[in-house]
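Engineer: This is the structure I have questions about; it appears just below.
The values are calculated or read from the model by the stated rules, or taken from the named source; none is laboratory data. Everything numeric here is computed off the predicted structure, so don't read it as measured data. With ideal geometry, Cβ positions are generated from the backbone for all residues, glycine too; neighbour counts draw on all protein chains shown. Surface areas here come from the heavy atoms of the whole protein model, side chains and all, with no ligands, DNA or RNA. Shrake-Rupley method; radii C 1.70, N 1.55, O 1.52, S 1.80 Å.
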Amino acid sequence: MKLRQLHYIHEVARRGLNITAAAESLFTSQPGISKQIRLLEDELGVEIFVRNGKHLAEITPAGQRILEYSARLLQEADNILNVAAEFKQADRGDLAIATTHTQARYSLPPVITTFRERYPRVALHLHQGSPPQIAKMAAEGEADFAIATEAIEHFEQLVMLPCYRWNRCVLVRPDHRLAREHRLTLARLAEHPIVTYTFGFTGRSKLDQAFAAHGLRHDVVLTAVDADVIKTYVRLGLGVGIVADMAYDPEVDTDLVRVPADHLFEPSVTHIGFRRGLFLRGYMLDFIHAFAPHLNRETVESIASISDPETRAVAAGKLLPAPAPAAGP
């Protein structure tokens, strides 16, 4: 049994049993992967995959268990390499981050700029996607860190740490009636067509919950994952924009009026997550600390060492101070 063979069966499983796709991602040949899988099955004396002619049809029960155990083995092999690299070249390596557009566009630039100044020999790889896609990339080792706000239930395989709270603002054109509101209400907001985030992105669920809790129907006429797209359609007069407050730039968005809305919606929390058992190199811990200063090395390692997911989640949830009570609408 060879590590290469375990890599092959995992990549094949990850690619939906498509050997061609697995071969392309591993920069090897399809016949080579098929041969190595057969050799592994012969050595173990069980089939890992059910075959339908020349194609793989499904994973056998034995294969499921083998994949579970080999995943741990492969992660430990990666950890061994990372430990060696940490002692050999502590300031050199790779860091892959999976996140949403809002985080990549508005939260991460200053953090990455500072990080690059300190670690110029660390190659950064930024992947964008939906929260479920982000969770999958981190869980499967395609990314080291997942940074997201929504759909935390998809991240149950990861150690998730709260980084910061944020809320929303309303953006309108200067000639819009809401531009002169001294204290906006949900009822007034519901009178206008709304342009905001796609469901499942950037705290959208908190927005819908707020309207529902007050028995209000809101007319969402356009959704997007990109705040810049939302602002474009607000400028065109399509509706009132509701975006993360961090997405408003007073120097760039001079043609839009920002109306405070943090009293209307519960704050959202952005989390950073990584696979449990992952060896965190020094520069990885420094990145976490730069992104969320309350997450120092001792805190991160302490939370990551908790084996029970529920206990770990409760302990992590205590890391941020309690939010200030929101005023009524």
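Engineer: So what are the radius of gyration and Dmax for the Cα set of segment 152-221, in Å?
Structural biologist: That works out to 15.1, 48 Å for Rg and Dmax.
Engineer: Any chance you could look up the accessible area of R180 with a 1.4 Å probe, heavy atoms only, rounded to 10 Å²?
Structural biologist: Surface accessible to solvent at R180 totals approximately 150 Å².
Engineer: Using protein chains only and a probe of 1.4 angstrom, how many square angstrom of D249 are accessible, to the nearest 10?
Structural biologist: 60 Å²
Engineer: Another question about this same structure. Which percent of the Cα-Cα distances in segment 38-85 go past 14 Å? Please report the intermediate quantities before stating the final value.
Structural biologist: Values: 703 of 1128 pairs.
That tail contains 62 percent of the Cα-Cα pairs.
Engineer: Which one of T102, T149, T232 has the biggest mean-square fluctuation once the chain is modelled by GNM with Cα springs under 10 Å?
Structural biologist: Residue with maximal mean-square fluctuation among T102, T149, T232: T232.
Engineer: According to the Kirkwood expression over distinct Cα-Cα pairs, how big is the hydrodynamic radius of segment 245-326, in Å?
Structural biologist: Working: mean 1/r = 0.0639 Å⁻¹.
One decimal place: 15.7 Å for the Kirkwood radius.
Engineer: Still on this structure: When only DSSP loop residues count, what chymotrypsin sites (Phe, Trp or Tyr not before Pro) in segment 1-53 have their Cβ near at most 11 other Cβ atoms within 10 Å? Please list the in-between numbers first.
Structural biologist: Numbers: sites: Y8, F27, F49; in loops: F27.
Answer in residue order: F27.
Engineer: Taking a temperature of 4 °C and a viscosity of 1.567 mPa s, what whole-number D in µm²/s does Stokes-Einstein yield for the chain with Rh from Kirkwood over alpha carbon pairs?
Structural biologist: 58 µm²/s
Engineer: While we're looking at this one, here's another question. Please find, in a Gaussian network model of the chain (springs between Cα atoms separated by less than 10 Å), the residue of A23, A179, A96 whose mean-square fluctuation is greatest.
Structural biologist: So, out of A23, A179, A96, the one fluctuating most is A23.
Engineer: To continue, here is another question. I'd like the distance separating the alpha-carbon centroids of segment 180-226 and segment 114-164, in whole Å.
Structural biologist: Computed from Cα coordinates, the inter-centre distance equals 27 Å.
Engineer: Which of the listed residues, P309, L158, M284, is farthest toward the dipole's positive end in the chain, when Lys, Arg count +1 and Asp, Glu count -1 at the beta-carbon?
Structural biologist: M284
Engineer: Connecting C-alpha atoms closer than 10 Å in a GNM of the chain, tell me which of L74, L207, L39 has the biggest fluctuation.
Structural biologist: Fluctuation is largest for L39.
Engineer: Here is a further query. Given the alpha-carbon gyration tensor of segment 66-106, what are the semi-axes of its equivalent ellipsoid in whole angstrom, ordered largest first, with each equal to the square root of 5 times an eigenvalue?
Structural biologist: On the way: eigenvalues 137, 81, 4 Å².
The equivalent ellipsoid of segment 66-106 has semi-axes of 26, 20, 4 Å.
Engineer: Next question, about the same structure. What figure in square angstrom, to the nearest 10, would you give for the accessible area of S305 with a 1.4 Å probe?
Structural biologist: We get 80 Å² for S305.
Engineer: Only four residue types carry charge here, +1 at the Cβ of Lys and Arg and -1 at the Cβ of Asp and Glu. Report the dipole size of segment 1-121 about the Cα centre in Debye, rounded to the nearest 20. Walk me through the numbers before you get to the answer.
Structural biologist: On the way: 16 positive and 14 negative charges, 62 e Å.
Dipole magnitude for segment 1-121 comes out near 300 debye.
Engineer: Looking only at Cα atoms, what is the convex hull volume of segment 190-329 per residue, in Å³? Please list the in-between numbers first.
Structural biologist: On the way: hull volume 20.9 nm³, N = 140.
Looking at segment 190-329, the number lands at 149 Å³ per residue.
Engineer: From Cα pairs below 8 angstrom and at least 6 apart in sequence, can you work out the relative contact order of the chain, rounded to a whole percent?
Structural biologist: On the way: 509 pairs, mean separation 62.6, N = 329.
Over the chain, the number comes to 19 percent.
Engineer: Taking the Cα centre of the chain as origin, work out the dipole magnitude from +1 charges on Lys and Arg Cβ and -1 charges on Asp and Glu Cβ, in debye rounded to 20.
Structural biologist: Approximately 200 debye in magnitude.
Engineer: Just the Cα atoms of segment 1-63, one point each, no solvent: what log10 I(q)/I(0) does Debye give at q = 0.19, 0.24 Å⁻¹?
Structural biologist: The computed values of log10 I(q)/I(0) come out as -0.62, -1.03.
Engineer: Suppose we keep just the alpha-carbon trace of segment 8-108; what are its Rg and Dmax in angstrom?
Structural biologist: For segment 8-108, the Cα-based Rg and Dmax read 17.5, 53 Å.
Engineer: May I ask you to rank R217, R276 by accessible area, largest first, using a 1.4 Å probe over the protein chains only?
Structural biologist: Heavy-atom accessible area, descending, gives R217, R276.
Engineer: Leaving out same-chain residues fewer than 8 places away, which lysines sit with a Cα under 29 Å from that of K318?
Structural biologist: Result set, ordered by chain and number: K136, K206.
Engineer: Same structure, new question: Over the Cα atoms of segment 31-170, what is the Rg over Rh ratio if Rh follows Kirkwood?
Structural biologist: On the way: Rg = 19.6 Å, Rh = 18.3 Å.
When Rh is taken as the Kirkwood radius, the ratio is 1.07.
Engineer: Along the charge dipole of segment 88-141, pointing to its positive end and built from +1/-1 on Cβ of Lys, Arg, Asp and Glu, which listed residue (V111, I97, S130) has its Cα farthest out?
Structural biologist: Comparing the listed Cα positions along the dipole, V111 ranks first.
Engineer: Over the Cα atoms, compute the radius of gyration (one decimal) and Dmax (the largest Cα-Cα distance, rounded to a whole number) for segment 100-183, in Å.
Structural biologist: Using the Cα atoms of segment 100-183, the pair Rg, Dmax is 17.1, 52 Å.
Engineer: Let me know the charge dipole size of segment 185-240 about its Cα centre in debye, to the nearest 20, where only the beta-carbon of Lys, Arg (+1) and Asp, Glu (-1) is charged.
Structural biologist: In total the dipole reaches around 100 debye.
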